[in-house]
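Structure first, commentary second.
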Amino acid sequence: MEKFTTLSGVAAPLPMVNVDTDMIIPKQFLKTIKRTGLKEGLFYEMRWTADGQKKDFILDQPAYQNAKILVAGPNFGCGSSREHAPWALLDFGIRCIISEDFADIFYNNCFKNGILPIKVSKEIIAKLMDDASRGSNAIIEIDLEKQEIKGPDGGTVHFEIDAFRKKCLIEGLDDIGLTLEKKSSIDDFENRQKDSQPWLHTAT
Amino acid sequence: MAFRKKAATPPPEPPQPRTLFEKIWDAHVVDRQDDGTCVIYVDRHLVHEVTSPQAFEGLRMAGRKVHRPDATIAVADHNTPTTTGAMDDESRIQVETLESNVAEFGVPYFDMNDPRRGIVHVIGPEQGLTLPGMTIVCGDSHTSTHGAFGALAFGIGTSEVEHVLATQTLIQKPAKNMRVAVEGSLPIGVTAKDVILAIIGRLGTAGGTGYVVEYAGRAIREMTMEGRMTVCNMSIEAGARAGLIAPDETTFKYLYGRPYAPKGGAWDLALGQWRRLPSDKTAVFDSQLDLLASDIPPMVTWGTSPQDALPITDVIPDPANAPDENRREAWARSLAYMGLTPGTRLVDVPIDRVFIGSCTNGRIEDLRAAAEIARGRKVASTVSAMVVPGSGLVKAEAEREGLDKIFIEAGFEWRLQGCSMCLAMNADRLEDGQRCASTSNRNFEGRQGRGGRTHLVSPAMAVAAAIRGTLADVRDFQ
């Protein structure tokens, strides 16, 4: 996983509430057996008409074609657990999403892919939404170590993030590798469970 | 000076009262860090073809094995056709990829010809693979279904699927506890689906975010396991990480004798432990919602979020009356997408399609409830309607009971098992602009096909709509 330390880039505003993962990537793109190449499907039905014409979606506008940050409405990423949603965002180049709140599974999935989801207050979102709507002149900077968002006018806001998740992002850590370091605890747990709940250890 | 007796050793602290969620969580902690992040053991891992290929590929790249194939079960359900026709190439490749992965990694698999094959959340309970007190995960958000058995069950992404395959654990922080109580008995014509739609209407689509919701109260206790699964299934539509219902005699009776349920002495041992799972009487919940069953009518969604649920007797709402600016915009967008006008009575909304099935309402009891309304009636000439059983065994049982004949005589198509038009990954989908009364779980834009318009209802309500040709109140048919 690519490390996340600092990020500087254009932020695209997407103020809609309840953007669900079906919207982020519709079902026809879930038939892939790969993680890559999913930007074609990103927000597909909002970007393309049924007969294949571009709809001038925010990420297709010249100012936002290289956006690295999404400033989004509340409950972003609700619905399905499909990790294809963060894969598609990442494939487009989005490394950070800022919202009032996120759906749990999507939020979790972001961290597994080197994407930083930031939760901030409604007031801060309103300000960032304004900044983002100024287009490519408005560069937003993120410093994960300091937990700061710096707006185009130089003002900074602090954000909260779970210490463990922060560490994993900054160091680009492989979760599975970390957990496998605890193999003896897992073995102990399994041995205890075999004694106390033997029915959980009969083969499927 | 008063004589002071030497202080006696204080009596041991009484055990802290715990919720059902806390009991299951505590029993599965393998490791806890100072910041509260835990490594949690996973007892059962359900795998399907859409969210697993990249996880198996990850294992292969890192040279890792599946830690416990015996705790894992795989099945293809999302892409599979509901007719005897062939799959499209991409779907076929995904199913074949699953088949080669389970063979390579030694994972048990219900293959395409196995009569037990079906929707992963239908077959788990059906086979007794879902048991009280377990932790259960699957790369699918509707894993919350299994919470009906008092199991902590939730959906995960593909990276986490890989993590569970490799380690049989997950890295998680505990959720908060919410209790939703539905007191009293359900009125005639009102089902588990109406209850959960009413709950989501009250909580909102993000109201459960960060919580595990425990459903309680007389109406829940009086539900069958099928009804409880319908309720827990849609917990995710309120944003909750999981739904839970305390296991009781109804649960144990359902499980007894199922193929993978414990047998003999192991059953007795398990039963003793399962009876201690329900939340302690004085357990503290972070949030509570109370509903009266008598206040819940048959429900239907009008918009593009599951929270857009209203009694069937109501009218399409006016964005001008929305409680806040966010919702005003969302409602206006929903109405434009749904092609609906404020003030229209819901029972006057014409429909083109009916879908009965899915992990929400594709079990035998759902088909019985639907058949009861369909018996001796005809699907309106303007409507195309289909019934898709949740599993091969549900299909076989329905056929044994003659339900298939009732549906076919009424003008429904009787299909093969699978996820089908709940998410339209196979050939079953709505055309642009078509309107569907559906027993599935999501009415998102494009969910059942690009431009398709979904109204979520119970199985009985779906049949009522099929017959009338409009959304309809099932109580008029009883």
- Note on the structure: So residue B:188 and residue B:202, fully extended at 0.36 nm per residue minus their Cα-Cα distance, gain in nm 2.9 nm
- Send over the per residue convex hull volume for the stretch A:101-146, Cα only, as a whole number of Å³. 104 Å³
- Query: Once the Cβ-Cβ distance between residue B:476 and residue B:173 is put in as r, and R0 is 45 Å, what FRET efficiency do you end up with, to the nearest 0.05?
  - Reply: 0.40
- Note on the structure: Against the 2.2 N^0.38 Å rule of thumb, the C-alpha Rg of the stretch B:328-475 sits at a ratio of 1.00
- Message: Please report the spacing between the Cα centers of the stretch B:179-241 and the stretch A:137-201 in Å, no decimals.
- Response: 32 Å
- Task: Could you tell me which of A:41, B:148, B:358 has its Cα farthest along the dipole of the protein assembly as shown towards the positive end, charges placed at Cβ (Lys, Arg +1; Asp, Glu -1), taken about the Cα centre?
- Result: B:148
- Message: Report the gain in length on full extension from residue A:201 to residue A:1: 0.36 nm times residue separation, minus Cα-Cα distance, nm rounded to one decimal.
- Response: 68.6 nm
- Report, in deg cm²/dmol and to the nearest 500, the calculated mean residue ellipticity at 222 nm for the protein assembly as shown, where each DSSP H run with n ≥ 4 adds -39500 (n - 2.57) and the sum is divided by the residue count. -9000 deg cm²/dmol
- Query: How far is it, in nm, from the label point at residue B:328 to the one at residue A:121 when both lie 7 Å from their Cα along the line to the Cβ?
  - Reply: 2.4 nm
- Stokes-Einstein, Kirkwood over Cα pairs, the stretch B:67-198, 4 °C, 1.567 mPa s; D in µm²/s equals 76 µm²/s
- Query: Once the Cα atoms of helix B:459-468 and of chain B are each reduced to a long axis, what angle between those two axes, in degrees from 0 to 90 to the nearest 10, is obtained?
  - Reply: 10 degrees
- Distance between modelled label sites at residue B:290 and residue B:116, nm, 7 Å Cα→Cβ extension: 4.5 nm
- Enter the angle in degrees (range 0 to 90, nearest 10) between the Cα long axis of helix B:158-167 and the first principal axis of the Cα atoms of chain B, meaning the one along which they spread out most. 40 degrees
- Item | Whole-Å semi-axes of chain A's equivalent ellipsoid (Cα gyration tensor) | 34, 23, 14
- Query: Please report, for the Cα atoms of the protein assembly as shown, the Rg to one decimal and the Dmax as a whole number; what are they, in angstrom?
  - Reply: 24.8, 98
- Note on the structure: Cβ-Cβ cut-off under 14 Å around residue B:296, Lys and Arg +1, Asp and Glu -1: the net charge is -3
- Query: What do you get for Rg/Rh of the stretch A:64-137 when both radii come from the Cα atoms and Rh is the Kirkwood radius?
  - Reply: 0.96
- Translational D in µm²/s for the stretch B:145-266 (Stokes-Einstein at 10 °C, 1.306 mPa s, Kirkwood Rh from C-alpha pairs): 103 µm²/s
- Note on the structure: Taking the stretch B:238-357, the whole-percent share of alpha-carbon pairs separated by over 16 angstrom is 76 percent
- Under a GNM of chain A (C-alpha, springs under 10 Å), which listed residue has the highest mean-square fluctuation: A:142, A:105, A:176? A:176
- Under 15 Å, Cβ to Cβ, from residue B:283 - net charge with Lys/Arg +1 and Asp/Glu -1: +1
- Query: Residue farthest toward the positive end of the dipole of the stretch A:43-124, with Cβ of Lys/Arg at +1 and Asp/Glu at -1: which of A:50, A:114, A:81?
  - Reply: A:114
- Task: Ignore the peptide's own chain and count Cβ atoms of other chains within 10 Å of each Cβ in B:250-263; give me the average, rounded.
- Result: 1
- Counting Lys and Arg as +1 and Asp and Glu as -1, each charge on the Cβ, what is the dipole of the stretch A:124-170 about the Cα centre in debye, to the nearest 20? 120 debye
- Note on the structure: Note: probe point = Cα of residue B:70 + 7 Å toward Cβ; backbone nitrogen < 19 Å; residues of the stretch A:162-204 passing the test are A:184-204
- Query: Quick one: putting +1 on the C-beta of Lys and Arg, -1 on the C-beta of Asp and Glu, what dipole do you get for chain A around its Cα centre, in Debye to the nearest 20?
  - Reply: 380 debye
- In 5 Å bins starting at 0, how do the alpha-carbon pair distances of the stretch A:23-71 split up by percent? 5, 19, 26, 25, 17, 8, 1
- Message: Using only the alpha-carbon atoms of the stretch A:93-182 as identical scatterers, what base-10 log of I(q)/I(0) does the Debye formula give at q = 0.15 Å⁻¹?
- Response: -0.61
- Largest first and to the nearest Å, give the Cα extent of the stretch B:388-478 along each principal axis. 37, 32, 20
- Note on the structure: Counting sequence-distant residues (5 or more places) and residues on other chains, those with an amide H built under 5 Å from that of residue B:260 are B:128, B:129
- Item | Compactness of chain B, expressed as Rg and Dmax over alpha-carbon positions, Å | 23.1, 98
- With the cut-off at 12 Å, report for the stretch A:158-204 the share of all Cα pairs above it, as a whole percent. 73 percent
- Query: Between residue B:413 and residue A:66, what is the label-to-label distance in nm when each label sits 7 Å out along the Cα-to-Cβ direction?
  - Reply: 4.9 nm
- Based on the inverse mean of 1/r over its pairs of different Cα atoms, what is the Kirkwood hydrodynamic radius of the stretch B:282-343, in Å? 13.5 Å
- Under 5 Å, built H, 5+ apart or other chain: amide partners of residue B:109: B:74
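Taken together, the values in this text are just the output of simple stated rules run on the coordinates, not laboratory data. All values derive from a computational prediction rather than experimental measurement. Note that each Cβ is placed from the backbone with ideal geometry, even for glycine, and that neighbours are counted across all protein chains shown.
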